[in-house]
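Single-structure report; data block below.
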Amino acid sequence: MPGGNHSNKITAQGKSDQASKTCTALHHCIIAADEDLGDVKTYLGRPWKQFSTTVVMQYSIDKLVDPAGWEEWIGHPEYDQTVTYREFGNQGPGAGTSRRVVWPDYNVVTAGAEVEKYTVAAFIDGAQWLPSLGVPFTPGLEN
């Protein structure tokens, strides 16, 4: 558990090449805290490198997530200007987006077509190979 001025970040995706197709995509899960977390600030993520790309979609987000949602990487505030962060269809007390960061490429998406490309079926062609591994997954967006 973080102490002092530290905080929790659920993601810290990074890429140094803007053309790279990598990202962290979180889909159809629950973000909740264990009872012993206390008052530690928690964020959906922060950039790790210059072109961080993270999508959080159709999640249940508990109240532990700070209303800003995302945190800058201390020492690299310029990365806030080059990240791509998306939220789509999230629910719960921590899912409110009215107080989220104001960064050039942070968006709350209202049309599923924009984030469909980050689903398991589209992004990693998971519907073709995950069933043989017995891994539970949601292939695409849920209505």
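Just so you know, in the range 93-113 the residues that are surrounded by fewer than 16 Cβ atoms within 10 Å (Cβ to Cβ) and more than 15 Å from the chain's Cα centre (by Cα) include one that is farthest from TYR59 (Cα to Cα), and it is PRO104.
Could you tell me whether any residue of the range 31-50 is under 23 Å from GLU114 (Cα atoms) and in contact (Cβ under 8 Å) with a residue 60 or more places away in the chain? Yes, that holds for at least one residue. Filtered by the rule that a residue be touching a residue at least 60 places away in the same chain (Cβ under 8 Å), under 14 Å from the mean Cα position of the chain (by Cα) and open to solvent by 30 Å² or more (accessible area, probe 1.4 Å), the range 51-83 gives GLN58, GLU71. Within the range 89-109, being in contact with a helix residue (DSSP H, G or I) (Cβ under 7 Å, 6 or more places away or on another chain) and in a strand (DSSP E or B) holds for no residue.
The values are calculated or read from the model by the stated rules, or taken from the named source; none is laboratory data. The shown structure was predicted, so the numbers you read here are calculated from the model rather than taken from an experiment. Please note: Cβ atoms are built from the backbone with ideal geometry, for glycine as well, and neighbour counts cover all protein chains shown. Each accessible area value is taken on the protein alone, full model and side chains, heavy atoms only, with ligands, DNA and RNA left out. Shrake-Rupley method; radii C 1.70, N 1.55, O 1.52, S 1.80 Å.
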